[in-house]
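Notes for the one structure printed next.
The values are calculated or read from the model by the stated rules, or taken from the named source; none is laboratory data. All values reported here derive from a predicted model rather than from experimental measurement. Counting neighbours? That spans all protein chains shown, and the Cβs are built from the backbone with ideal geometry, glycine included. These accessible areas exclude ligands, DNA and RNA; they are computed on the full protein's heavy atoms, side chains included. Shrake-Rupley method; radii C 1.70, N 1.55, O 1.52, S 1.80 Å.
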Amino acid sequence: MRIIRKLLIIYFSIFSISLFIQSCCHESYKIIGKGEIGAYTDYYNPKNKTDTIKGEFYIIWQLEQKTSSLHNNFGLIQSTYATSCSETFENEVSESGFSISCNKDFKYNGILITAGTNFSDFEELKLHIEKKWGAVEIRFTNEFINLSEFEETDYTFKVNTKTNDNMNLENTLTVFMKIN
């Protein structure tokens, strides 16, 4: 009886230690590149992607990230869901380094905005930066569209940002402005 009890104690000890060791993991994320950019008529969804602007729209920029993980694949059990991996973000998007400009002139509230001018601080332009996950969402609201005059032609928007480790990132998006 003592031998069975000792074996059970050893088994449950090894099982408990294995459970703890198996659940230890680490995931690391780092923004490494300019990623993908697109124009959307509504929220981020491939069905909403557009290249012709007729009203309110979004420019959504997903920066490229490198993910590295350290998962322990040893132990008596193959997986545990009691705990989760720790996440480390090696860098993040800095809001202070953000700018958006256009390759052509347009009018905003009766004022000529010349090509190359940063207009990210316009009140009717809504900006959301997901710092850690490297996503930038720029919403050109109906109010912004109503105050703006664009010619019916292609416009290239240039978006710049940087990370807190001083990586400068830039991406461009060309859309056809068909706003009446």
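The modelled label-to-label distance between ASN146 and GLU56, using points 7 Å beyond Cα along the C-beta direction, is 1.1 nm.
Over 23 Å between Cα atoms: which of LYS104/LYS131; LYS131/LYS158; LYS47/LYS131; LYS34/LYS107 fall into that group? Beyond 23 Å between Cα atoms: LYS104/LYS131; LYS47/LYS131; LYS34/LYS107.
Restricting segment 92-180 to trypsin sites (Lys or Arg not before Pro) that sit in a DSSP loop and have at most 16 other Cβ atoms within 10 Å of their own Cβ leaves LYS104, LYS131, LYS132, LYS178. Note on HIS26: accessible area is roughly 70 Å² with a 1.4 Å probe, heavy atoms of protein only.
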